[in-house]
Amino acid sequence: MVASPMEKKDYYEILGLERSASKDDIKKAYRKLALKYHPDKNKEKGAEEKFKEISEAYGVLYDDEKRKMYDQHGHAGIDQKYTSEDIFRGADFGDIFRGTGFDFNDIFEQFFGRRNGFTQRPHAQKGADIRYDIEINLEDAYRGMNTELEVPRTELCDTCRGSGARPGSSPKRCPTCSGAGQLQTTRRTAFGMFSQISECPKCHGQGTVIEDPCPSCRGRGTLQKTRKIELHIPKGIDDGSHLRLAGEGEHPKGVTQAGDLYVVVHMKGHSAFERRGADLYRKLTISFPQASLGATVTVGTLQGTEKLKIPEGTQNGTLFKLKGSGMPKIQGLGSGDLFVLIQVNTPKKLTKRARLLLDELDRELIDQGETYK
């Protein structure tokens, strides 16, 4: 799961900046701290973690969209919407380190296992991430919920622990390539000697062969399994939000760490409410006498019902606000509002007496100087 926002320091505090800081201020502050804590320069304990911390803060605050999301929702907004790659994408680290003799790409690869630009290393250290789409209704998003996902994924075989060999035995060095995983062939041509390197056909580039395969995975070292994974959906989550479950992705043979599971949340439509951020909108039909004379009516909300006072002379299309009756805000700071749009019902059929009363009302309004446009 995504780390709790309470476990992370404020990005502005990390860089020693006010929340009104300009992009130039952010860039200058990061450069100063990055040169101080750069691992090639600072060998003190904790310097590497500090360097990663300030780099993450810079990656978020220097990007206008991510900064806006962080200012509105805090760490929860960033963790639910952006992956680690997204945070570092778009930030101009190259310009920061230009002329210093330091290469941020090398540092990025050392810390995060891939280069700035996010090209996979030749020997992957982490399995592939998995995307899982889930659809919930508005009530679920209002209350928050716990649910169970069934996720198919590649896992290391429990029997052989990924080696592919039967327990008690082990893979042997490939006799064809002597463990190199590659073969080099050289031939003479009219233009000189020509060498070609290709994957070993015996071990398929692994460097080892399995003489006694594992009975569970038949020597593959991995199995396809469907796991049940617990998921907590926080109150106030919105359509399109991403929830990250670390280590719940693919774990193929040859990597040291499983990938992550990213759950993308989709909201079902609602028959009564329309959502706009943390605010809710709904329509409420009242009678002509209620609009004219005023009334107190009951309005359905996601937490039950509330009373709404309709003032005398309320017009069709009037919008009322019930403060705090909207969706919980994702960062846990209060709730949005519920806006109620009034629709005045005009009866289609009238009794003879009702028609006479309305005719009398119309004449009286005209006598009072009421005009109609």
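A few comments on the model shown:
- The share of accessible area on segment 310-373 that comes from carbon and sulfur is 51 percent, using a 1.4 angstrom probe.
- Surface accessible to a 1.4 Å probe, per residue, for the residues of segment 241-373, Å²: 62 Å²
- Of the peptides 164-171, 175-182, the ranking by mean beta-carbon count within 10 Å, highest at the top, reads 164-171, 175-182.
- Estimated FRET transfer efficiency when R0 is 25 angstrom, pair Ser20-Glu49 (beta carbons, to 0.05): 0.35
- Shape call, segment 284-373: gyration tensor on alpha carbons, a/c limit 1.5: prolate
The values are calculated or read from the model by the stated rules, or taken from the named source; none is laboratory data. Computed from a predicted structure; not experimentally measured. When we count neighbours, we look across all protein chains shown, and the Cβ atoms used for this are built from the backbone with ideal geometry, even at glycine. Surface areas here come from the heavy atoms of the whole protein model, side chains and all, with no ligands, DNA or RNA. Shrake-Rupley method; radii C 1.70, N 1.55, O 1.52, S 1.80 Å.
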